[in-house]
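A short worksheet on the structure shown next.
The values are calculated or read from the model by the stated rules, or taken from the named source; none is laboratory data. It should be emphasised that the depicted structure is a prediction, and the values quoted were computed from it without experimental measurement. All Cβ positions, glycine included, derive from the backbone under ideal geometry; neighbour counts span all protein chains shown.
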Amino acid sequence: MKNISSFLIILSGIFWGSMGIFVRQFNQYGLASMEISGIRSFGAGVILTIALFVWNRKLLKIKLKDLWIFLGSGILSVLCFNFCYFKTITMTSMAVAAVLEYTSPIVVMLLSAVIFKEKLTVSKLAALVICFFGCVMVSGVIGSGGTLTPQGLLTGLGAGFAYALYTIFSRFGLERGYHPLTIVAYTFITSGLGIIPLCNADHVVSTLTSDGKLFLLAAAFALVSTVLPYFLYTNALEHVEGGRAAIMAATEPVAATLFGIFLFHEKLTFNSAVGMLCVLTALVIVNTATTKNQLVKSEIS
């Protein structure tokens with residue numbers, strides 16, 4: 001099951017990497033970054049609420065005492081990540097913001113060790129270092145001349161921290177017996193409602209309703225880049241440690257780079273090629289270590 005879960009995490013990273021395909025289309029209609037994030041969060045919340053209401057209403061039931069889990073995953077994680085990430089871009093550059101976002105696996109690994117008693121092994125740490133270096137190379141920050149201000153550093157690290165919190169809060173939800181779909185649904189119900197004051201909702205609605213194809217694109221955006229990857233990732237967390245999962249999800253920048261090359265004819269740079277190779281190497285290290293641990297446990301039992 002762990003091998004399948006590892007594949008699901010890698011697949012979720014690929015789906016996350018597809019965001020740029022949709023964002024390019026929305027940018028052509030004059031939608032700002034936070035407005036696009038609003039489409040993603042609110043759209044995912046609506047899709048999941050309708051789907052669960054029709055399919056299995058029991059999955060929409062949560063205990064009031066557990067509300068903090070979903071406020072944490074939706075507001076402290078998704079919403080704060082969007083705000084900090086786009087704020088960092090305005091103060092630095094997309095490349096610098098991306099690198100600071102990729103500090104999230106470090107946060108996940110440290111918090112998981114403290115909260116969930118996950119072991120900090122040599123293989124994990126080695127994979128983490130290689131993975132982070134790979135993400136730096138893929139982002140294009142080296143040689144880009146991007147500047148970093150103290151404020152940009154603070155919001156960038158905040159984005160990485162907030163991004164990491166989804167894994168932590170999801171783990172709390174899973175340990176309390178909630179279905180992965182319930183966790184994802186309430187994550188985006190709360191973040192979708194929370195993001196409304198931060199974006200021009202009237203502009204978003206008028207733009208989406210002006211073209212039927214654009215409305216369908218928004219639905220596909222919420223489904224492909226949000227509902228599917230978050231469900232796959234959350235489902236896999238039941239069988240994979242948070243630290244390992246965060247590293248494996250780094251297929252996102254690799255997928256984004258490949259989508260850019262094949263769909264938008266972007267050039268494959270030397271740095272990007274090295275970065276992708278590093279990320280793939282980190283995936284091999286993490287999965288090899290997991291397989292060895294499984295073999296040792298089976299021999300002992």
TODO: Being assigned to a helix (DSSP H, G or I) and of a type in the set (Gly, Ala, Ser) is the filter; apply it to segment 133-158 and report the residue that is surrounded by the fewest Cβ atoms within 10 Å (Cβ to Cβ).
DONE: Gly158
- [ ] Scan segment 256-277 residue by residue and report those that are touching a residue at least 24 places away in the same chain (Cβ under 8 Å) and either closer than 16 Å to Ala95 by Cα or more than 18 Å from the chain's Cα centre (by Cα) (or both).
- [x] Ala256, Thr257, Gly260, Leu263, Phe264, Thr269, Asn271, Ser272, Val274, Gly275, Met276, Leu277
Task: Residues being surrounded by fewer than 21 Cβ atoms within 10 Å (Cβ to Cβ) and closer than 24 Å to Thr251 by Cβ - total across segment 28-37 - done: 1
Task: Qualifying positions in segment 97-108 - part of a helix (DSSP H, G or I) and either out of contact with any Gly (no Cβ under 9 Å at 6 or more places or on another chain) or of a type in the set (S, T, N, Q) (or both) - done: Ser104
TODO: Hey, can you tell me all the residues within segment 107-122 that are of a type outside the set (Val, Ile, Thr) and either modelled with pLDDT under 90 or surrounded by fewer than 16 Cβ atoms within 10 Å (Cβ to Cβ) (or both)?
DONE: Leu110, Phe116, Lys117, Lys119, Leu120
Open item on the list: Test of understanding: among Phe172, Phe161, which residue is surrounded by fewer than 21 Cβ atoms within 10 Å (Cβ to Cβ), modelled with pLDDT of 95 or more, of a type outside the set (S, T, N, Q) and in a helix (DSSP H, G or I)?
Closed with: Phe172
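Here is a yes/no grid of residues against (1) modelled with pLDDT under 95; (2) farther than 24 Å from Gly160 by Cβ; (3) in contact with a helix residue (DSSP H, G or I) (Cβ under 8 Å, 6 or more places away or on another chain); (4) not in a helix (DSSP H, G or I):
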| residue | (1), (2), (3), (4) |
| --- | --- |
| Phe7 | yes, yes, no, no |
| Ile21 | yes, no, yes, no |
| Met34 | yes, no, yes, no |
| Leu52 | no, yes, yes, no |
| Ile75 | no, no, yes, no |
| Cys80 | no, no, yes, no |
| Lys87 | yes, no, yes, no |
| Ala95 | yes, no, yes, no |
Open item on the list: Yes or no: segment 192-215 includes at least one residue that is among the basic types (Lys, Arg) and part of a helix (DSSP H, G or I).
Closed with: yes
TODO: Give the residues of segment 175-207 that are closer than 14 Å to Ser37 by Cβ and either in contact with a Cys (Cβ under 6 Å, 6 or more places away or on another chain) or surrounded by fewer than 18 Cβ atoms within 10 Å (Cβ to Cβ) (or both), sorted by residue number.
DONE: Leu193, Ile196, Pro197, Leu198, Asn200, Ala201, His203
Task: Condition check for Leu223: more than 19 Å from Glu101 (Cβ to Cβ), surrounded by fewer than 24 Cβ atoms within 10 Å (Cβ to Cβ) and modelled with pLDDT of 95 or more - done: yes
Task: Any chance Arg40 is assigned to a helix (DSSP H, G or I), buried (at least 16 other Cβ atoms within 10 Å of the Cβ) and of a type in the set (D, E, K, R) - done: yes
- [ ] Considering only segment 3-19, state which residues are surrounded by fewer than 16 Cβ atoms within 10 Å (Cβ to Cβ) and either over 30 Å from Val284 (Cα atoms) or not hydrophobic (A, V, I, L, M, F, W, C) (or both).
- [x] Asn3
- [ ] List the number of the failed condition for Phe259; all other conditions in (1) surrounded by fewer than 19 Cβ atoms within 10 Å (Cβ to Cβ); (2) assigned to a loop (DSSP other than H, G, I, E, B); (3) modelled with pLDDT of 90 or more hold.
- [x] (2)
Task: Condition broken by Gly72, with the remaining ones in (1) in contact (Cβ under 8 Å) with a residue 60 or more places away in the chain; (2) farther than 25 Å from Ile183 by Cβ; (3) not β-branched (Val, Ile, Thr) satisfied - done: (2)
